[in-house]
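Structure, as structure tokens:
The numbers here are math on the coordinates, done by the rules we state, and not lab data. What you see is a predicted model; the values in this text were computed from it and never measured. Heads up, the Cβs are rebuilt from the backbone with ideal geometry, glycines too, and the neighbour counts pull from every protein chain shown.
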Amino acid sequence: MIVAGVMSGTSADGINVALVRLTASSRSRAGTPGLHLLAHAEYPYPKHVRRAVLAAMNSTKASVADLARLNFLLAELYADAVLATQRRFHFKAELVGCHGQTLYHQGEPARFLGRKLAVTWQTGEGAVVAARVRVPVVSDFRPADMAAGGKGAPLVPFLDFLLYRDRRAGRIVQNIGGIANFTAIPANASPQRVLAFDTGPGNMVIDAVTHRLFDKAYDRDGRIAGSGAVLDNVISDVLRGPFFRRKPPKTAGREQFGREFTQEFIRRCGRVNKRDIVATATALTARSIADAIRRFVVRRTATYRDFIVSGGGASNPTLMAMLANELRPLGLQIRSSDEFGLPAEAKEAAAFALLAFQTWNRKPSSLPSATGAKRPAILGKISYA
Ligand SMILES: Nc1ncnc2c1ncn2[C@@H]1O[C@H](COP(=O)(O)OP(=O)(O)O)[C@@H](O)[C@H]1O
Ligand SMILES: [Mg+2]
């Protein structure tokens, strides 16, 4: 079955589409689907759409009418993206897995009107995508895991486990999107031994300071960071914060590393060259990833060899160089997700194609070891065309 996976992450940079061929229960292991990437493409949000999405995420007083409009508008854009990819590569999907745009995610239960609740909200109406693309759509993947007591994230570890598990080598599979998260898979591991969580900011703080100080959407090829000096004391201070110390499983988003965090971060950097602030934001991503591995992974008995990177952050050479420096003493070698048949920018989209396929076959696709749920859940809602 050909399935289109559609992802738009917390960076709110745009839409990634992956067309994936999925086959039920390959010969290797009972119940594990086979996955083959056919094509992928990326569609940046138009500037005014990105602005509206970011405003909706950061706002404490967004209008309900505008949120409803955004839900339908994004669905039109997701459908356009799938249709364009199909035309371009001459494949036709039979099912779509559409993650949607997260407007709010709070994985940790907190009191609200007398009840303790963990909540999430992905927007981009599945029914509209189904009507436009004319195939069934699975959307809204996170709530079922949260209803089962999980944090609703991360969900990509299901794909990581399927693709990157190795009999001999322990592997850490790192995605650097707006937020950074990894999946640590010990050699020859069962799903219960997989550890996955958000390590903190990926590109989110880098993008935000670059926007604030240089009026650019992102630090292309890490050029600004590469010409600045890292303020080590700021990083050490920030890493003492509660999020970094908290034990996994844990999730993060703009709620932790959005506008307020960035303002405070710039203030902490003080009166220095603007380039140093971008360099420091970049080093914060590298350092927080390595720090999470040191605190929560390598202390365990399993040993790890490969560090496989995906997401937009893999295209930032300054960030990658900083990360390589941090990981070398841990005996980890950086490898690109491309080497394993999934280009860095296609992986998350491919993951939602896989999750949709599972749901379509009434099979669960969450890993309780990653989300903290009590049981695996069948994720998402189906809209029929
Ligand atoms: N050439 C590049 N140089 C530096 N950063 C890049 C480059 N290409 C992409 N990025 C970064 O990757 C981000 C998008 O990553 P992505 O994986 O799409 O994140 P998300 O899943 O949150 O949408 C951009 O906002 C930007 O910060
Ligand atoms: Mg993106």
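Table for the structure above
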quantity: Ordering of 201-209, 71-79 by burial proxy (mean other Cβ atoms within 10 Å per residue, highest first); calculated: 201-209, 71-79
quantity: Longest to shortest principal axis, alpha-carbon extents of the chain, angstrom; calculated: 56, 52, 50
quantity: Exceeding the 24 Å Cα-Cα cut-off - candidates LYS47/LYS250; LYS347/LYS381; LYS216/LYS347; LYS151/LYS247; LYS116/LYS151; calculated: LYS47/LYS250; LYS216/LYS347
quantity: Per-residue [θ]222 nm for the chain (sum of -39500 (n - 2.57) over DSSP H runs n ≥ 4, rounded to 500); calculated: -12000 deg cm²/dmol
quantity: Ranked HIS36, HIS211, criterion: other C-beta atoms within 10 Å, fewest first; calculated: HIS36, HIS211
quantity: Average projected area [Cα convex hull, segment 140-198], square nanometres; calculated: 4.2
quantity: Percent of beta bridges antiparallel (DSSP, the chain, rounded to nearest 5); calculated: 70
quantity: Long-range tail of P(r) for segment 56-115 (Cα pairs > 20 Å, %); calculated: 49
quantity: At most 14 other Cβ within 10 Å, DSSP loop - chymotrypsin sites (Phe, Trp or Tyr not before Pro), segment 334-385; calculated: TYR384
quantity: Rg [Å, one decimal], Dmax [Å, integer] - segment 79-212, C-alpha atoms; calculated: 17.8, 53
quantity: For segment 133-231: Kirkwood Rh in Å [reciprocal of mean 1/r, alpha carbons]; calculated: 16.3
quantity: Debye equation applied to the C-alpha atoms of segment 1-134, log10 I(q)/I(0) at 0.15, 0.20 Å⁻¹; calculated: -0.80, -1.12
quantity: Cross-link reach list, aspartates and glutamates versus LYS274, counting only Cα pairs under 13 Å and skipping chain neighbours closer than eight places; calculated: ASP215, ASP219
quantity: Segment HIS36-SER190, extension gain: residue separation times 0.36 nm, minus the distance between their alpha carbons; calculated: 53.2 nm
quantity: Relative exposure of VAL272, VAL64, VAL309, VAL128, judged by other C-beta atoms within 10 Å (fewest first); calculated: VAL64, VAL272, VAL128, VAL309
quantity: Cα-centre dipole for segment 93-250 with unit charges at Cβ (Lys and Arg positive, Asp and Glu negative), debye to 20; calculated: 520
quantity: Surrounding net charge for LEU83, when Lys and Arg each add one and Asp and Glu each subtract one, Cβ distance under 11 Å; calculated: +3
